[in-house]
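Student: Right, I'll just put the structure down here and ask away after.
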Amino acid sequence: MKMKKIVSLLLAVSMTVGLAACGGNPDPAPANSQAVSSEGPKTDADGTVKTIRLSTNNPDTNSTTKAMQHFADLVGERTEGSLKVEVYPNAQLGTEDNVFQQVMTGTLDMAVVSPGVIGNVAKEAMIFSFPFLIDGYDTYFALTANEDFREKLFGAIQEQTGCVPLAFTCGAPRGVGNTKKEIRTTDDLRGMKIRTQGSPIVIDTFTAFGATATSIPFKEVYTGLSQNLIDGEDSTVVAQLDMKFIEVNNYFTELYTVFQNMLLLCSGFTWETLTPEQQDIIRECAMEAQKTANELGQEEVETAHDRAAEARSDFKITDDLTAEERATFVDAVAPVWEKYKGEVGAEFFDFSYDLIQELQKG
């Protein structure tokens, strides 16, 4: 199986990176949790319950974490308790890159991982990182529900990573928060040190904007901002609240560069230990969780401005860029599109682009 070939190649690197990333973390597991090996979820002593660990980078107040808890509840109910999903929020089990490696190598059962991170292995996932490709929620919801798109993307991810993609979470429009000044054009970003995801296309996007892109773990962004190690970060208004960036940032600009989303991945090792009936139930529950994530996520974003104003009245949110101001960002990333279209794969890019254009026409 190709998955096992890939995993064997990744294992040595994964073990080294995983130990380095997690070495300083205490064991976050609850008292009744079970250790997970590459043989799949741990079965309780009486042989009746399999415990599946699911990691998310988001705090427990975030819509993605809430949707994953809903997924866990559904799985427990519909398997009559034979499968128990434990959700670990706030990167308790490691950074995004680290838990992605854990899922690929079978040392973790499930994780919610961003396409930017997945795209480092399965290039097709980078389609969500193309700046200014998706224009709004209607397009995003229709795209991620489209069966042809899911089949092509999920198949590519499974083939290249060994992970089984199950569902998407809600997309949130991304912009840039910072401690220094209001951002209205690329000139305002020039020379600023901005934290981005480790995805090459995201790094190149902010480099094209004139910023100095740097990648640090998401959990370290608050410290980086407060200690002036970075000037700002590529994120969302929701992150200003959830991660308390609003306490140190003074400005946020809605750029709508991409719709930040994540995918729920299951380790191929874990998947192979499940019965066909359990696999069907998990797929069904994941799709229901995707709908929940969409509803909660959109509501979360739509109320974020008011919640930010309530949390801090002098926090400046810029969401009124003129067409000319927005064009400075859109025009700057034309070379980024040209560079990465080939990496995603011409056939998959053309299919995705044409589908998105069709969906945006309504």
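Student: Might you check whether a residue that is farther than 24 Å from GLU299 by Cβ and buried (at least 24 other Cβ atoms within 10 Å of the Cβ) occurs anywhere in the stretch 142-153?
Tutor: For the stretch 142-153, residues farther than 24 Å from GLU299 by Cβ and buried (at least 24 other Cβ atoms within 10 Å of the Cβ): present.
Student: Return yes or no: is GLY136 modelled with pLDDT under 95, out of contact with any Leu (no Cβ under 6 Å at 6 or more places or on another chain) and surrounded by 23 or more Cβ atoms within 10 Å (Cβ to Cβ)?
Tutor: When the stated conditions are applied, GLY136 does not pass them.
Student: Still on this model: Here are some conditions: (1) of a type outside the set (Val, Ile, Thr); (2) under 12 Å from the mean Cα position of the chain (by Cα); (3) surrounded by fewer than 24 Cβ atoms within 10 Å (Cβ to Cβ). ALA122 meets all but one. Which one does it not meet?
Tutor: (2)
Student: Six or more apart or on different chains, Cβ atoms under 8 Å: show the pairs whose first residue is in the stretch 141-153 and at positive phi and whose second is in a helix (DSSP H, G or I).
Tutor: Qualifying pairs under 8 Å: none.
Student: Determine which single condition SER55 fails, assuming it passes every other condition in (1) touching a Gly at 6+ places or on another chain (Cβ under 9 Å); (2) buried (at least 24 other Cβ atoms within 10 Å of the Cβ); (3) closer than 25 Å to PHE209 by Cβ; (4) not basic (Lys, Arg).
Tutor: (3)
Student: Of the numbered conditions (1) within 29 Å of GLU310 (Cβ to Cβ); (2) open to solvent by 20 Å² or more (accessible area, probe 1.4 Å), SER235 satisfies every one except a single condition; which is it?
Tutor: (2)
Student: Still on this structure, I have one more. If you go through the stretch 65-103, how many residues are touching a residue at least 40 places away in the same chain (Cβ under 8 Å), open to solvent by 10 Å² or more (accessible area, probe 1.4 Å) and β-branched (Val, Ile, Thr)?
Tutor: The total comes to 2.
Student: With ALA332, ALA311, ALA304, ALA346 as the choices, which residue is open to solvent by 50 Å² or more (accessible area, probe 1.4 Å), among the small types (Gly, Ala, Ser) and touching a residue at least 12 places away in the same chain (Cβ under 8 Å)?
Tutor: One residue alone meets the criteria, ALA311.
Student: Ok, one more. If you check THR207, THR214, which single one turns out to be over 18 Å from the mean Cα position of the chain (by Cα), surrounded by fewer than 19 Cβ atoms within 10 Å (Cβ to Cβ) and without any contact (Cβ under 8 Å) to a residue 40 or more places away in the chain?
Tutor: THR207
Student: Also, quick follow-up: Could you list, ordered by first residue, the pairs with Cβ atoms under 7 Å in which the first is in the stretch 263-284 and assigned to a helix (DSSP H, G or I) and of a type in the set (A, V, I, L, M) and the second is modelled with pLDDT of 95 or more and open to solvent by 40 Å² or more (accessible area, probe 1.4 Å), at least 6 apart or interchain?
Tutor: Cβ pairs passing all conditions: ILE281/ARG78.
Student: Under the condition of being part of a loop (DSSP other than H, G, I, E, B), out of contact with any Asp or Glu (no Cβ under 9 Å at 6 or more places or on another chain) and at negative phi, which residue from the stretch 45-74 is modelled with the lowest pLDDT?
Tutor: For the stretch 45-74, the residue satisfying everything is ALA45.
Student: Let me ask another. Do we have GLY81 as outside any helix (DSSP H, G or I), farther than 20 Å from VAL238 by Cα and touching a helix residue (DSSP H, G or I) at 6+ places or on another chain (Cβ under 6 Å) here?
Tutor: So GLY81 does not fit the description; no.
Student: How about the stretch 85-178: which helices (runs of 4 or more DSSP H) wholly inside it have at least 3 residues that are of a type in the set (S, T, N, Q)?
Tutor: Qualifying helices (runs of 4 or more DSSP H): 96-105, 147-161.
The values are calculated or read from the model by the stated rules, or taken from the named source; none is laboratory data. Computed from a predicted structure; not experimentally measured. Don't worry about glycine lacking a Cβ; one is built from the backbone with ideal geometry, like all the others, and counts go over all protein chains shown. Side chains are part of the model used for accessible areas, which takes the heavy atoms of the whole protein and leaves out ligands, DNA and RNA. Shrake-Rupley method; radii C 1.70, N 1.55, O 1.52, S 1.80 Å.
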